[in-house]
Each structure stands twice: as C-alpha cells, then as structure tokens.
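First up is the structure itself, then whatever we jot down about it.
None of the figures in this text is laboratory data; all of them are computed from the coordinates on show. These figures come from a predicted structure and were not determined experimentally. Counting neighbours? That spans all protein chains shown, and the Cβs are built from the backbone with ideal geometry, glycine included.
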Amino acid sequence: MNNSTPQTLFRNDFLGEEYRVFKHRSGLSIYVFPKKMTATYAIFGTKYGSIHNSFRVGDTAESVTVPDGIAHFLEHKLFTAEDGSDAFERFSEYGADANAYTSFNKTCYLFSCTDRFEDSLRELLSFVTHPYFTEESVRSEVGIISEEIRMYDDNPSDRCFYGMLEAMYHTHSIRRNICGSVESISQITPELLYRCYHTFYRLSNMALVVCGDVSDEAVLRIADEVLPSEPEQETPVVCTNENDTEPTKVLMPYFEQQMQVSKPIFNIGIKDTDIPADGRERQKKDAAMAILDEMLFSRAGEIYNDLLDRDLISPALSYGYTISESSAYNSIAGEADDPKSVLCEIQKHIARIREKGLSPEDFVRGKRVMYAEFVKSFDSTDSIANNLFSFLCEDAELLSYAEILEEITFPEVCHLFEHAFDEEKIALSVVLPLKENT
C-alpha cells in the first residue's frame, strides 16, 4: 500500500465516532476522520502562531526574536506561487471553498468541497510546502496587511478583547495583536519569512486532518505524490515560554478606550497562571472550567437573569474559558451602560456563592449542557476537523473529551471555584462611546 503506517485507531463506541492516524514517510501526521456527509473538510496546519516570536534553533544559545505579526504575514504570503498565480484561484476552479487563519498558537490552511476532493487536497499540500518570497511581494503585502490591521483597530469588539489581554498580561506575547502592528510588519523581510517557515513548517511539526466521506487510500495516495519521500533532519526548536515569568496578578485592573459605539461594551478577563503541563490535564481543566462557567453565567442562572431584569446588561452576554500550553483565562463579554457596575454585581454574586456553596443541581445541569454541546459538534465536518486539530496542538485527544467530562466530579469543580476568581486576577476592558466636543 502507501508508504504510511497506521499508528492508532481512536474510537468512542458511545458516540459511534472514530478516526485513524497515519505517520507518513515525510514525518507528517495524517488524521482521517470518516463521516458520511456531503461536504469534505481538510486542514493542513502547523503548531506555530503569533506567540512564537522568540525561539532558539538547535543547540545554539542565541535566541531569535522576530517582528510581531510574522506568523500571520507568512500565512498570507504562502498563497502566492513563484509564477505569480494564486492558490485561491485554483481552489475556485475545483469548486472548493478555501481559507486560512492564524491564531495565538497555530496556523491553518483549509478547504471545504463536495467534489474533486483529490484535486483540492493536492493543491493544499502543494502550495503550503512551496514557499516563495521576494522583496517586491513582501513590500506589497505590507500595504495589504496594514489595511487589515487598521480595519481591526477600528473594530470596537476586537479592541475591547485585546484591551482585556493587554490589561491582564505583563509580558506574555498573547497581549499583542495576532496581525502585529503597522510598525512591526514593516520590519518583515523575505529572509525572516524563510527563517520562520523552515523553523516551524517542518512536516514533523505539522498535521493534516481530513474529515468527510473519503478513504484513507485516497488521502495517503495524494500525500505520497506531493510530500517528500524521507523525513527532514530534525533540529530541536525551543520557544520562549513566557508564562514562566508572567506574574499571577493582572497588569492593570481597568483599561478604557473610546470608539464609535452606541453603548459601552466590555470584556472581563480572569487570569489563570496555574496551567497543567500535561495535555490531558489541561483538557480536564478546560472541561471543568466550562462546567463551572455554565453553572455561574448561563441564561438559566441567577446572575444573568438578575442583571437582565435590572437592565444592567443587554441580552447578548458571552462567556468562556481558554487554555493553552502557556496561557489561560476566563472571559465574560457583553454590552452595558455601566460595565463597572456589572463587574461589581458579578463579584458580589461570586462572594455569595462562596458563602453558601455551589449547587449540586447546577453542576449536573452544567455537565449535561457541556456534554450535549460536545455531541453536537460532530454534526459538521468543519467542526470535527477544527476541533481535532486544536486538540492535537494541545497534546490532547478529541474523542476522550467525553470520558473526561464524565470523570469530572462536583468536588473538583468546587475546588476550581475557590481559586478561580481572585480579585487581583481580574481585569475589566471597556470601550465607551466617543465623547462629544463641547
């Protein structure tokens, strides 16, 4: 057969879901998740994001620091080939919908299609593995991405979110915009792009995830056609773990901006520096915090209805916990005339619960809600592929999340609650309407 060997079959009998992992001869890990659906979805990604801007390659003690936004810049530039053609055009010819994104800890290139899957997969693997950068093309891209940065800078929701990160974190690079700044991207050169590409776009640092009505053989055959026949020589890469020196307290408890909004918006950030080193343990903490958030802030809960009944918030209140290898935080976002009062009421609510204790009934409800959301995520190929790639970037396994949810106990959630909302770890970011000139 192909020059790839099945490493592992992952299966969850209760969910009725399974996927297979192959180690390709090039060193690339290939995940094939069979799903009888109309659309097939593929992600070719690398464990390289905006926070990885300081690293050391090999045994050298010298650390390399690159401009903020270079991972996102690199994502943009890979779509253009040496002959000047654009990968988007070829995907369009195949009837596929292609895209890419850069996050704090990963970069993903993807497509969705209902036909000509093999052509699209061949294109995906080809353009990502053939970088081409010139001085002229880089200068041209600086102008394009500068406009994108200005657009994000004019978006109140984005500015409020990054204001929260800037208030919470002292030094961690998560506090800086994924796109970088107009000033930082102006320092990017072809040489720096190639350096980052060859450091982080090693196939052993990447993964291909395919979800849909496709066969293992078809995926592996295209991989054999496009990818090298031998693995690259491994050179250790050590990224600066900025969480090692990040203080537990927030940098500032309050961060305010003024923009064109009709009503103030807010992001409350609760910083967490107690991050498990083990991927499965991070996954378990993520699940437990998700249950806790559902217990505290859901629309069925006391605080949400109290704030809404008193007209302190608008109906759209969002919340969630985010954890990765080097950073973690809880967040609550919404719209309110007086965001400081909202934070004050939330803190009072948490203080009352500390006195009387969490409700076992709310725990059961929260657990059921999270389990239902997890099961629902298997209804689409894009959700499956994106979740699978996100889990593997955190050294975690997707299907075991159901077991982890089942394992979580009420005392464990109570223990998390006791340490999750310290006042010195809370930052409030607010975007207020522009003041009229008087």
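Taking θ = phi - 60°, what integer Hz values does the Karplus form 6.51 cos²θ - 1.76 cosθ + 1.60 yield along the stretch 18-34, in sequence order, with x for Gly and Pro?
Result, ordered by residue: 7, 8, 10, 10, 10, 9, 6, 4, 6, x, 7, 8, 10, 10, 10, 10, x Hz.
Straight-line reach from Lys435: which aspartates and glutamates have Cα under 14 Å away, leaving out those fewer than 8 places along the same chain?
Counting by Cα, and skipping residues close in sequence, Lys435 has these aspartates and glutamates nearby: Glu256.
Under 27 Å Cα-Cα from Lys77, which lysines qualify once same-chain neighbours fewer than 8 residues away are excluded?
Lys77 reaches Lys47, Lys106.
Looking at this model, which pairs from Lys284/Lys340; Lys284/Lys425; Lys35/Lys285; Lys340/Lys376 are more than 26 angstrom apart at the alpha-carbon?
Lys284/Lys340; Lys35/Lys285; Lys340/Lys376
If each of Glu118 and Val142 carries a label point 7 Å out from its Cα toward its Cβ, how far apart are those two points in nm?
Label at Glu118, label at Val142, 4.5 nm between them.
For the stretch 79-86, just list the computed ³J(HN,Hα) in residue order, Karplus coefficients 6.51, -1.76 and 1.60, θ = phi - 60°, integers in Hz, with x standing in for Gly and Pro.
6, 9, 8, 4, 7, x, 6, 10
Can you check how the C-alpha radius of gyration of the stretch 169-249 compares to 2.2 N^0.38 Å, as a plain ratio? Don't jump to the answer; show the numbers that get you there.
On the way: Rg = 18.5 Å, N = 81, 2.2 N^0.38 = 11.7 Å.
The reported ratio for this selection is 1.58.
Taking one equal scatterer on every alpha-carbon of the stretch 4-239, how large is log10 of I(q)/I(0) by Debye at q = 0.09, 0.10, 0.14 1/Å?
-0.42, -0.52, -1.00
So for the chain, considering every pair of alpha-carbon atoms, how many percent are separated by more than 35 Å?
35
How large is the Rg to Rh ratio of the stretch 247-433 when both quantities use alpha carbon positions and Rh follows Kirkwood?
Reported Rg/Rh, Kirkwood definition of Rh: 0.97.
Check each of the GluC sites (Glu not before Pro) in the stretch 1-86 and keep only those in coil by DSSP with at most 14 other C-beta atoms within 10 angstrom; list them in order.
Here the sparse-neighbourhood loop sites are Glu62, Glu82.
Select from Met206, Met164, Met37 the residue whose mean-square fluctuation is largest in a Gaussian network model of the chain (Cα-Cα springs shorter than 10 Å).
Of the options given, Met37 has the highest mean-square fluctuation.
With +1 assigned to the C-beta of every Lys and Arg and -1 to the C-beta of every Asp and Glu, and no other charges, what is the dipole magnitude of the chain about the Cα centre in debye, to the nearest 20?
520
Rounded to the nearest 500, what is the 222 nm mean residue ellipticity of the chain from helices alone, with -39500 (n - 2.57) per DSSP H run of 4+ residues and division by all residues?
-12500 deg cm²/dmol
Kindly state, to the nearest 0.05, the FRET efficiency for Leu434 paired with Asp311, given R0 = 30 Å and r defined as their beta-carbon distance.
Using R0 = 30 Å, I get an efficiency of 0.85.
Running a GNM on the chain with Cα contacts under 10 Å, which residue among Leu292, Leu192, Leu165 ends up with the highest mean-square fluctuation?
Result: Leu192 has the largest fluctuation of those listed.
What are the trypsin sites (Lys or Arg not before Pro) within the stretch 1-82 that DSSP puts in a loop, where the Cβ has at most 11 other Cβ atoms within 10 Å?
Lys36
Efficiency by 1/(1 + (r/R0)^6): what FRET value for Glu89 and Glu302, r their Cβ-Cβ distance, R0 = 45 Å, to the nearest 0.05?
About 0.25, to the nearest 0.05.
In the stretch 338-438, which trypsin sites (Lys or Arg not before Pro) fall in coil by DSSP and have 13 or fewer other Cβ atoms within 10 Å?
Of the trypsin sites (Lys or Arg not before Pro), the ones in loops of the stretch 338-438 whose Cβ has at most 13 other Cβ atoms within 10 Å are Lys435.
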